[in-house]
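This report refers to the structure that appears directly beneath it.
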Amino acid sequence: MKYLDEFVSKEPTLADNYRVRAEARDERELDKNLADYDQAIRLRPDDAGFRFARAALLERKGNFAGAIADYDRAVQIDPKDAKALYLRGTAKSSKGDRTGAADIAAAKALDPDVGK
C-alpha cells in the first residue's frame, strides 16, 4: 500500500489511481475505500463503474440511500444500462422500497440474464 499511496500522491488528478488503490486495499477498510471512490467520482463524476463500486461499499455499510443515489446517477448516464437498473432495484428492495421490483423488471426486459 505504501507504493500505491506514493503513486496517488504523485498523480492526484488521475481518477483511476484512486480506483486501483481501493481495489488493492483490504476490503474490510470500507471507509478508506469509500474515500478513494469519493475522490475518483469528484474527478470523473460520469463514470458508472466508479458509481457501481462506491454503491456496493455503501450497501455493505447499510447506507442504501447513498447506494441508490449512485445507481440513480448511473441510470441517468445510461438509461438502458440493465445492470444499473437491476442494482438500483435490489438496493431499493433491500431498503424495503417496493418500487425496486419495477427496476428489476425493467432491467430484465433489457437483459434477461442480468443478475445471474
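Every number in this text was worked out from the coordinates using simple rules, so none of it is lab data. What you see is a predicted model, and the numbers here were worked out from it, not measured in a lab. Ideal geometry is used to build each Cβ from the backbone, glycine not excepted, and the neighbour counts take in all protein chains shown.
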Lys pairs, region 15-116 - Cα-Cα below 23 angstrom, 8 or more residues apart or on other chains | 16
Region 25-116: GluC sites (Glu not before Pro) in DSSP loop, at most 15 other beta carbons within 10 Å = GLU27, GLU29
Could you tell me which label, among (i) 17.5, 56; (ii) 15.1, 46; (iii) 12.9, 39, carries the value of Rg and Dmax of the Cα atoms in Å calculated for this structure?
-> (ii)
Dipole magnitude of region 64-116, debye to nearest 20 (Cβ charges: Lys/Arg +1, Asp/Glu -1, about Cα centre) = 140
Test item: Cα-centred dipole of region 1-49, Lys/Arg +1 and Asp/Glu -1 on Cβ, debye = 100
Helix 82-95 vs. the chain, principal-axis angle (Cα, 0 to 90°, nearest 10) | 80
What number, in percent, do you get for the relative contact order of the chain if the mean sequence gap of Cα pairs under 8 Å and at least 6 apart is divided by its residue count?
-> 16
Computed ³J(HN,Hα) along region 32-41: with the Karplus parameters 6.51/-1.76/1.60, θ = phi - 60°, integer Hz and x for glycine or proline, the list is 5, 5, 4, 4, 5, 5, 4, 5, 4, 5
Extent of region 64-116 along each principal axis, from alpha carbon coordinates, in Å, largest to smallest?
-> 25, 21, 16
If you build a Gaussian network model of the chain, linking Cα atoms that sit under 10 Å apart, which residue out of ALA69, ALA82, ALA48 swings the most?
-> ALA69
If you find the alpha carbon centre of region 55-70 and of region 7-42, how far apart are they in angstrom?
-> 17
Tell me, what ³J(HN,Hα) does each residue in region 5-18 have, in order and in whole Hz, if you take phi through Karplus 6.51 cos²θ - 1.76 cosθ + 1.60 with θ = phi - 60° and put x for Gly and Pro?
-> 4, 5, 4, 5, 5, 7, 10, x, 9, 9, 4, 5, 4, 5
Per-residue [θ]222 nm for the chain (sum of -39500 (n - 2.57) over DSSP H runs n ≥ 4, rounded to 500) = -23000 deg cm²/dmol
Where does helix 48-60 land angle-wise versus the long Cα axis of the chain, in degrees 0 to 90, nearest 10?
-> 80
Cα axis of helix 64-77 to longest principal axis of the chain: angle in degrees, 0 to 90, nearest 10?
-> 80
